[in-house]
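Working notes, beginning with the structure itself.
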Amino acid sequence: MCFGRCARCIGYKLLILALLSIVANILLYFPNGETRYASEHHLGKYVECLHGILGGGFLVLIPAAVFIGLHNDDCCGCFGHEDCGKSCAMLSSVLAAFIGIIGSGYCIIISALGLSHGPYCFTHLERNWIYPFTESSGGYLFEYNRWSECQEPHNIVQWNVTLFAILLVLGGIEFILCFIQIINGILGGLCGLCCSHEETYAC
């Protein structure tokens, strides 16, 4: 079993997921593609937490880069000694994985809170910008008839629910992959990273 190839595989997956998280978080800032709500500070408090850009994005890009850099077909250790050098590199990837755990965990928590709290919008009842679904504790997600309470931005409930749900899923997958790499890194560090040229490992 080549632990390095598995780490590289995880790294590429995290890279894609992190970029998707950044894009999804940016879209949250521009409901329906309009910029005026951001400039007028009419965005929800959980939208501005940068959970997709910072948490599921940049903090996950760090371990992704580390994992991708671990793979080396010639199995040459970073200290000139194959087993020792590569084992140390694998163990160091565990620290990078913990950074990814923190980032993805932050993304998961904020996304869940954003879904539970609901959007910040202008309602026809209050004639003001409020959080109309705060007290529902996420129950509004299944009360589609109440979504029309938000008049501005148009379709803000659907916009927020879709993007927060996407970020929740992306963060969850990132969390699982980083956890897998923690196990992979520990096993790789203890057992040695190098595998024979005849061995292949599909991740």
- [ ] Kindly indicate which of 185, 189, 138 is on the phi > 0 side of the Ramachandran plot and in contact with a Ser or Thr (Cβ under 8 Å, 6 or more places away or on another chain).
- [x] 138
Task: Selection count where residues are in contact with a Cys (Cβ under 6 Å, 6 or more places away or on another chain) and at pLDDT 50 or above, scope region 177-203 - done: 1
Open item on the list: Regarding region 8-30, can at least one residue be identified that is at pLDDT below 85, part of a helix (DSSP H, G or I) and among the basic types (Lys, Arg)?
Closed with: no
TODO: Examine region 119-126 for a residue that is in a helix (DSSP H, G or I) and either among the hydrophobic types (A, V, I, L, M, F, W, C) or at pLDDT 90 or above (or both), and state whether such a residue exists.
DONE: no
Task: Hits in region 31-61 - residues which are part of a helix (DSSP H, G or I), without any contact (Cβ under 8 Å) to a residue 40 or more places away in the chain and under 16 Å from residue 102 (Cα atoms) - done: 53
Open item on the list: Considering only residues that are assigned to a helix (DSSP H, G or I), touching a strand residue (DSSP E or B) at 6+ places or on another chain (Cβ under 8 Å) and farther than 28 Å from residue 19 by Cβ, which ones fall in region 127-158?
Closed with: 149
Open item on the list: Return the residues of region 28-42 that are within 15 Å of residue 154 (Cα to Cα) and either polar (S, T, N, Q) or surrounded by 18 or more Cβ atoms within 10 Å (Cβ to Cβ) (or both); say none if nothing qualifies.
Closed with: 28, 31, 32, 35, 37
Task: Top-ranked residue in region 95-109 [being modelled with pLDDT of 95 or more and open to solvent by 10 Å² or more (accessible area, probe 1.4 Å); ranked as farthest from residue 50 (Cα to Cα)] - done: 98
TODO: Filter region 146-182 for residues that are under 18 Å from residue 58 (Cα atoms) and without any contact (Cβ under 8 Å) to a residue 40 or more places away in the chain and give the result.
DONE: 169, 176
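The values are calculated or read from the model by the stated rules, or taken from the named source; none is laboratory data. Since the model is a prediction, treat every value here as computed from it, not as a measurement. Don't worry about glycine lacking a Cβ; one is built from the backbone with ideal geometry, like all the others, and counts go over all protein chains shown. Note: accessible area is taken over every heavy atom of the protein model, side chains too, but ligands, DNA and RNA are not part of it. Shrake-Rupley method; radii C 1.70, N 1.55, O 1.52, S 1.80 Å.
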